[in-house]
Amino acid sequence: METIEIKPEMFLIESLTQTFGQANQPSPLKTSFQTENFIEDGKDRVLVDISLEGLLKASRPDSGKIVFQPPTFELAGPREKIFWNPENTKVAIVTCGGLAPGLNNVIQNLVTFLSDRYRVKNIYGVPYGYQGFMHDPQTKRFAFGWRRLDPFSVQNIDFEGGSVLGTGRGHSNHVAIVDALMLRDINILFTIGGDGTLAGANEIHEEIKRRKVPITLIGIPKTIDNDVLWVSKTFGFESAVGKAVEALRCAQTEARSAFHGIGLVKIMGRNCGALTATAAVAMNDIDFVLVPEVPIKLEGENGLLDAIVRKVIDKGYITIAVAEGAGQDLFPPSEIEKDASGNIKLKDIGKFLQKKIVDEFKLRNIETTLKYIDPSYMLRSQTTSADDSVFCAKLGQNAVHAAMAGKTGCMIGYAHERFTHVPLASVALSKKRLDTNESIWLSVLASTGQPASWE
Ligand code: ATP
Ligand code: MG
């Protein structure tokens, strides 16, 4: 995880209970849960850093005693008392950013859990991401119709990839979004999306606070490349790893079957190489793994091209996994292009490497055959693995518990096997990146034998 300065105040959860009054209605879950199954606010918290070193860093002497004040997150889960009255609570759900396997599972879990367990009757799906909130302030007409959702309408949607609500980039005008929420009398908004969506959700939450309107906002993290802070991983990651492994296996088969064969696969991951690294370790016989966090030096004695040529000659064939955000500084500077959400459009490192490698072999008069595979959107548009489906169910349930208890301005986080409430302001601080001193990257170095640095 990227090193950022952890301050205890980053972890203070705000809740509607502080702003609009106490959660004072008995939870409908009391019929199936025992008292000890309910989470107690203030008491049930989860350490952010579970290492002894982290705990010691958070300690200070005070009047002859040692006081521990480690940063913690509130534990997610059912509360004995809820804030919202299910009878007249209106809920909206929106999915933003790119696709990830499991979006439909999360939508389905939110709807069925809200409806069947908490008895909420009014649930709406907002189409095509944040643009689904756009409306004409005069006529109050919305650009897209909102869909009413109930357990029947979400039956079997988990059998398909994508999002039944549609998703989208851009249009994150938080003022217009809060106008829309007020216009439609929404009490609870679930935003499902990646780092951009959650940064947008934080702005919406700030606007809600500024207007002092009773709207609960809960973010649900979605990232197949694992770039969201405070979630060790979330839904879609395992499924995407599975698909990336398939692509690597095909590339390796091609490489192994050719004289001096090279298989090259580009894998999603704009800023974070976690998906590429994990898929490579799963394969165990990948020769080079290139990620955005480790700069690439192409030329020279210890450069990547030389290492590739040597390994092909030694081993007979090689497989390379490259994350889409790797080696961006190898391209000549040019005008920066951005997508609708403001993300920088990446240069194609896969095609670039393909040409550089083939040219290098030609230059040295060594025969080779290179096969390049870019599975691209295939990684994100598939359905979920069983593991991911379980994760989606737990994520959806915890998001509903949080919302019904009146929590707001938080994302459902996941670390050390615990679901937590993470303030959106802490999520919007930065993007998570691969820590090259952590276990998965060390496994990459151990299995490939490639140098820790190309410089
Ligand atoms: P992914 O990167 O996994 O596809 P994402 O949520 O990061 O997901 P984006 O397209 O970057 O996807 O953003 C989704 C939505 O959030 C867009 O509507 C975009 O306008 C909005 N958004 C992105 N970044 C910000 C930001 N810094 N502040 C406010 N809104 C943002
Ligand atoms: Mg993003």
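The values are calculated or read from the model by the stated rules, or taken from the named source; none is laboratory data. All values derive from a computational prediction rather than experimental measurement. Using ideal geometry, Cβ is built from the backbone for each residue, glycine included, and neighbour counts are taken over all protein chains shown.
Structure notes:
- Residues of the stretch 374-410 classified as β-branched (Val, Ile, Thr) and touching a Leu at 6+ places or on another chain (Cβ under 7 Å), total: 2
- Remark: pairs (first residue in the stretch 434-455, not assigned by the TED database to the domain that holds LYS315; second residue assigned to a helix (DSSP H, G or I) and surrounded by fewer than 17 Cβ atoms within 10 Å (Cβ to Cβ); Cβ separation under 7 Å; 6+ apart in sequence or on different chains) = ALA452/LEU445.
- Once the stretch 90-112 is narrowed to residues that are touching a helix residue (DSSP H, G or I) at 6+ places or on another chain (Cβ under 8 Å) and within 18 Å of ILE186 (Cβ to Cβ), the residue that is nearest to ligand 1 (Cβ to nearest atom) is CYS96.
Residue-by-condition table, conditions (1) modelled with pLDDT of 90 or more; (2) over 28 Å from ALA326 (Cα atoms); (3) surrounded by fewer than 17 Cβ atoms within 10 Å (Cβ to Cβ):
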site	(1), (2), (3)
LYS345	no, no, yes
ASP348	yes, no, yes
VAL358	yes, no, yes
ARG364	yes, no, yes
ASP388	yes, no, no
GLY413	yes, no, no
HIS416	yes, yes, yes
LEU434	yes, no, no
THR448	yes, no, no
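- Residue in the stretch 182-189 that is assigned by the TED database to the domain that holds GLU207 and modelled with pLDDT under 95 present: no
- Hits in the stretch 292-331 (condition: within 34 Å of the chain's Cα centre (by Cα), of a type in the set (S, T, N, Q) and farther than 17 Å from LYS371 by Cα): GLN328
- Test: residue in the stretch 327-347 that is within 16 Å of ligand 2 (Cβ to nearest atom), more than 22 Å from GLU455 (Cβ to Cβ), hydrophobic (A, V, I, L, M, F, W, C) and assigned by the TED database to the domain that holds LEU264: yes
- In the stretch 13-39, the residue that is surrounded by the fewest Cβ atoms within 10 Å (Cβ to Cβ) out of those that are under 21 Å from GLY219 (Cα atoms) and modelled with pLDDT of 60 or more is GLU14.
- Qualifying residue in the stretch 155-173 (condition: over 25 Å from the mean Cα position of the chain (by Cα), away from ligand 1 (no atom under 12 Å from the Cβ) and among the aromatic types (Phe, Trp, Tyr)): no
- Matching residues, the stretch 356-373, being under 24 Å from ASN271 (Cβ atoms) and in a helix (DSSP H, G or I): LYS356
- Listing of helices (runs of 4 or more DSSP H) fully contained in the stretch 374-455 that carry 3 or more residues being among the small types (Gly, Ala, Ser): 386-404, 439-448
- Checking VAL111, VAL94 one by one, the residue that is within 11 Å of VAL400 (Cα to Cα), outside the structural domain of MET268 (by the TED database) and either touching a His at 6+ places or on another chain (Cβ under 9 Å) or of a type in the set (A, V, I, L, M, F, W, C) (or both) is VAL111 and no other.
- Among the residues of the stretch 102-117, at least one is in contact with a Pro (Cβ under 9 Å, 6 or more places away or on another chain) and among the aliphatic types (A, V, I, L, M).
- Test: residue in the stretch 67-89 that is in contact with a Leu (Cβ under 7 Å, 6 or more places away or on another chain) and among the aromatic types (Phe, Trp, Tyr): yes
Residue-wise test of (1) farther than 24 Å from SER341 by Cα; (2) among the β-branched types (Val, Ile, Thr).
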| site | (1), (2) |
| --- | --- |
| GLY161 | no, no |
| LEU165 | no, no |
| VAL213 | yes, yes |
| GLY219 | no, no |
| GLU238 | yes, no |
| SER257 | yes, no |
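- Residue pairs meeting the criteria (Cβ under 8 Å; at least 6 apart or on separate chains; first on the phi > 0 side of the Ramachandran plot, in the stretch 326-346; second outside any loop (DSSP other than H, G, I, E, B) and more than 12 Å from ligand 2 (Cβ to nearest atom)): GLY327/LEU290; GLY327/ILE349; GLY327/PHE352; GLY327/LEU353
- Scan of the stretch 74-99 for residues that are assigned to a loop (DSSP other than H, G, I, E, B) and more than 25 Å from the chain's Cα centre (by Cα), ordered by number: ARG79, GLU80, PHE83, TRP84, ASN85, THR89
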